[in-house]
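**Student:** Mind looking over this structure? Questions follow.
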Amino acid sequence: MNAFFLRLALATSILVPVSSAMAADLEPPPPVDDLRPATYDWTGGYIGVIGTVISLDGHYDKVPDCVPGLPCGPVDPEMSGTGYMGGVIAGWNYQFDDFLVGIEGDYSWGGLVAQNRDPAERTEMYFDSMGTIRARGGIVLDNTLIYLTAGLAFIDARMTGEVGPLCCSFLDEDSQWVTGYAIGAGMEHAFSDSLHGRLEYLYIDAPGYKFRLEDPNNFGGDVHMHFTGIHAIRAGLTYNFSL
């Protein structure tokens, strides 16, 4: 029995240094921070759909269509209201560190956004379509992006109105491409590697435009529409193509 314990002690004295030498050759375990999932990468392109609630603040200068000898009805020059649009969006992102820059464009279709239903001169404003081309930049918080955006906006605006004498007025319309600039901010969240959702606000500033409204007897003339402010709140879903 003593011989057995002697042999066991001898083997242990040999194996312990060998095991220590082998352990010294192994790589140390990674730091705890390296075990975290990789930060979400926003670089790549995307396409998607957007829905918009758009609000118009504005007024117009009355058409001088009064007929001599006939009374002119009262006119409310206010032209403000709210409408809805839906469309498509596409763009490209590039992420460096915790910052993102990108460019995107969108195009939407809509309809009535404002009206003045005064019986003497009913007028309505339609945004038949609208598009923007903008740059954007923001801060990346893993799979959430907070961003600012700015660029150009263009709107296919259509104005309709009753022109001519009160007894026999005529409904006419005219369309103009209204151009201006758009600025805003938003938040985007990556629900997965490919599906993103966003919510953003855009302010669109556009100059005044003239719309030509006349009846068959040439009553009417130029209506000078003043766009005081155009506000858009938009929600969207995009499919993203990561690099």
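**Student:** First measure r as the distance between the Cβ atoms of Y94 and V49, then evaluate 1/(1 + (r/R0)^6) with R0 = 25 Å and state the FRET efficiency to the nearest 0.05.
**Tutor:** Working: r = 23 Å, r/R0 = 0.92.
Taking R0 as 25 Å, the efficiency between Y94 and V49 is 0.60.
**Student:** Further question: Working out 0.36 nm times the residue gap between L141 and H226, then minus their Cα-Cα distance, what length gain in nm do you get to one decimal? Write out the running numbers ahead of the final one.
**Tutor:** On the way: separation 85, 0.36 × 85 = 30.60 nm, distance 4.06 nm.
Using 0.36 nm per residue and subtracting the Cα-Cα distance, I get 26.5 nm.
**Student:** Take every Cα pair under 8 Å in the stretch 171-212 that's 6+ residues apart, average their separations, divide by the length, and report that relative contact order as a whole percent.
**Tutor:** Numbers: 49 pairs, mean separation 19.8, N = 42.
About 47 percent, as a whole number.
**Student:** Express in nm, to one decimal, how much length is gained between L148 and A185 on full extension, taking 0.36 nm for each residue of separation and deducting their alpha carbon distance.
**Tutor:** Working: separation 37, 0.36 × 37 = 13.32 nm, distance 0.43 nm.
Contour length minus the Cα-Cα distance gives 12.9 nm.
**Student:** If ligands, DNA and RNA are left out, what is the accessible area of I133 with a 1.4 Å probe, given in Å² to the nearest 10?
**Tutor:** Here the accessible area works out near 100 Å².
**Student:** In square angstrom, rounded to the nearest 10, how much accessible surface does E214 have for a 1.4 Å probe?
**Tutor:** Its accessible surface works out to 50 Å², give or take rounding.
The values are calculated or read from the model by the stated rules, or taken from the named source; none is laboratory data. These figures come from a predicted structure and were not determined experimentally. Glycine gets a Cβ as well: all are built from the backbone with ideal geometry, and neighbour counts include every protein chain shown. Protein only, heavy atoms only, side chains kept; ligands, DNA and RNA dropped before computing areas. Shrake-Rupley method; radii C 1.70, N 1.55, O 1.52, S 1.80 Å.
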